[in-house]
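Take a look at the structure set out below.
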Amino acid sequence: MSLPANPRLDLLHPYPFERLRALLAAKPAGLQPSSLPLVDLSIGEPRHPTPPVVLNALADATDGLASYPATAGTPALREAIAAWIRRRYDTPVDAATQVLPVNGSREALFSFAQAMLDPAPAGTQVVIAPNPFYQIYEGAALLAGARLHLLDQRPDNGFRMDWTQVPDSLWPQVKLVYVCSPGNPTGAVMDLDEWRTLFALADRHGFIIASDECYSEIYHDESAPPLGALAVCRQLGRTDYRGVVVFSSLSKRSNVPGMRSGFVAGDAALLARFLRYRTYHGCAMSPMFQQASIAAWNDEAHVVDNRRLYRQKFDAVLPILQPVVPALQMPAASFYLWLPVPGGDDEAFTARLFHEAHVKVLPGSYLGRPSSLRPDDPASNPGHGFVRIALVAPPEACIEGARRIAALIG
C-alpha cells in the first residue's frame with residue numbers, strides 16, 4: 001500500500017546546485033585533476049562581512065527569545081521598512097497595511113503563489129516568469145496547480161521580457177506574473193516603458209504582478225539606482241498599488257543571508273490575504289532578527305560601502321575577461337556576470353573549467369528551460385551557451401578565477 005503524497009512534487013526539477021554537484025562529480029577519464037585552490041563563483045551567496053550595526057543589534061536583542069513573534073512583525077519593523085521605501089523610492093506606504101515582514105524573499109515568493117492561485121482545477125491558471133529564472137518561480141507555480149509560461153530573455157532582446165511571446169489566447173488564463181529586476185542571472189533592469197506596458201497588460205487581463213527586487217541595492221552608478229515597481233506605480237498614478245506586490249531582502253543588501261529577513265509591500269488587499277495564509281503557515285520572523293532588521297533598514301552607509309566593494313570587483317574582472325570574450329557585457333545591476341562560452345556548451349565548459357582550473361561556475365542552462373514557444377527543443381533554452389559567474393568571493397579570488405577562465409578560453 002502506498003502512502004498518500006502530493007503528486008505535484010514529482011513535477012519539480014532538481015535544483016541547479018544539485019545538478020552542478022552531479023556534473024562535477026563525474027571526473028573525465030584520463031584527466032589529472034587540478035591542484036589549484038578552489039575558486040567558487042557558482043552560488044549567489046553574499047560573502048562580504050556582516051555590518052557591525054547588524055551584529056550589535058543582534059547582540060542586544062537576546063531577550064526577544066522569551067516571546068512568540070507576531071506573523072505581521074512588530075510595528076517598529078514595519079515602520080522601519082516603510083521608512084526605507086520612502087527614502088529609497090520617494091514612495092509612501094502604510095506600515096500597518098501595505099508592508100509585511102517575511103523570512104527572506106525566497107519563502108515569500110514561493111508561498112505567495114500558494115495563497116493567491118486557485119488550486120483547482122489544475123492547469124487552468126497560468127503563471128508567467130522570465131527565462132532564465134530563479135527556480136522558485138517555477139516550483140511555486142507548479143505546486144499551486146498552475147501552468148508556467150516562460151518569456152525568453154536573450155541578447156537579441158536585451159534580456160527583456162518580450163510580451164509578444166504570450167499568445168493572445170493565453171492571456172485570459174494568466175493570474176500571476178513574476179518579474180525580476182535587476183534580473184538574476186542577466187542583471188537587466190526594467191525601465192519605465194517596460195513597467196508601463198506591464199501595468200497596462202495587468203489592467204487589461206486582471207493578473208497580479210509579483211516583482212522580485214532582491215538585487216535592487218547592488219548597482220554600479222550611485223546616481224542611477226534601479227527603478228522599483230512601487231516607485232513606478234506612484235509615477236503612473238497607481239497610488240493604491242493595486243495588483244502589485246514587491247519582494248525585497250536584506251540578504252544581498254546587508255550581507256545577512258543567514259538571517260532570512262525581507263519584506264513584501266504593495267496592494268493592501270493582497271497583503272491582507274497573504275497575512276491570513278502566513279498566520280496558518282507559521283512563518284513569523286524571530287524577534288532577534290526583527291530587531292537586527294530594524295537596524296539594517298535604518299542604516300545606509302554599509303549599503304553604499306557594499307556597492308563599492310562589488311564595483312571594485314567588476315572593475316578588476318571585466319578587463320581580464322572581455323579581451324577573450326568580447327560579447328561579455330557589464331550588467332546594469334546585480335553581482336553576476338552572464339558569460340557566453342566558446343562553443344556554446346555551457347555544461348562541458350563548466351566541467352572543464354572545474355577539472356582543469358578548479359573554478360566553479362553555474363551552467364546557464366540549469367537556470368532556464370526550453371522556450372515555451374518550442375518546448376520540445378532543448379536547444380531553445382535561452383540559458384544554453386552561458387555560465388553565471390557570481391562575484392561574491394573576496395577580490396583576489398574573483399581576479400584569480402577570472403584569470404583562470406581567460407586562460408582556459410584563450
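The values are calculated or read from the model by the stated rules, or taken from the named source; none is laboratory data. All of these numbers come straight from a predicted model, not from anything done at the bench. Heads up, the Cβs are rebuilt from the backbone with ideal geometry, glycines too, and the neighbour counts pull from every protein chain shown. In case anyone asks, the SASA skips ligands and DNA or RNA and just uses the protein heavy atoms, side chains included. Shrake-Rupley method; radii C 1.70, N 1.55, O 1.52, S 1.80 Å.
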Only unsatisfied item for Tyr280, checking (1) outside any loop (DSSP other than H, G, I, E, B); (2) surrounded by 22 or more Cβ atoms within 10 Å (Cβ to Cβ), is (2)
Every residue in the stretch 99-112 that is at pLDDT 95 or above, in contact with a Lys or Arg (Cβ under 9 Å, 6 or more places away or on another chain) and open to solvent by less than 30 Å² (accessible area, probe 1.4 Å), please. Val99, Leu100, Pro101, Val102, Ala108, Ser111
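Okay, residues lined up against (1) open to solvent by 10 Å² or more (accessible area, probe 1.4 Å); (2) assigned to a loop (DSSP other than H, G, I, E, B); (3) in contact with a His (Cβ under 8 Å, 6 or more places away or on another chain):
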{"residue": "Ala72", "(1), (2), (3)": "yes, yes, no"}
{"residue": "Glu79", "(1), (2), (3)": "yes, no, no"}
{"residue": "Ala82", "(1), (2), (3)": "no, no, no"}
{"residue": "Ile85", "(1), (2), (3)": "no, no, no"}
{"residue": "Ala122", "(1), (2), (3)": "yes, yes, no"}
Single residue of Leu3, Leu41 found to be at pLDDT 95 or above, farther than 28 Å from Ala210 by Cβ and of a type outside the set (D, E, K, R): Leu41
Contact list, first residue from the stretch 306-317 and open to solvent by less than 60 Å² (accessible area, probe 1.4 Å), second anywhere and assigned to a helix (DSSP H, G or I) and among the charged types (D, E, K, R), beta-carbon distance below 8 Å, six or more apart or interchain, is Asn306/Arg253
Tell me, yes or no, whether the stretch 180-191 has at least one residue that is open to solvent by less than 20 Å² (accessible area, probe 1.4 Å), in contact (Cβ under 8 Å) with a residue 40 or more places away in the chain and more than 27 Å from Gly385 (Cα to Cα). no
Under 7 Å between Cβ atoms, which residue pairs at least 6 apart in sequence (or on different chains) link something in the stretch 155-170 that is under 17 Å from Glu194 (Cβ atoms) with a partner that is open to solvent by 30 Å² or more (accessible area, probe 1.4 Å) and in a loop (DSSP other than H, G, I, E, B)? Gln165/Leu373
Residue that is least open to solvent (accessible area, probe 1.4 Å) [pool: residues in the stretch 332-364 that are in contact with a Pro (Cβ under 8 Å, 6 or more places away or on another chain) and acidic (Asp, Glu)]: Asp346
Which of the strands (runs of 3 or more DSSP E) contained wholly in the stretch 136-255 include at least 2 residues that are under 20 Å from Arg374 (Cβ atoms) and not small (Gly, Ala, Ser)? 147-152
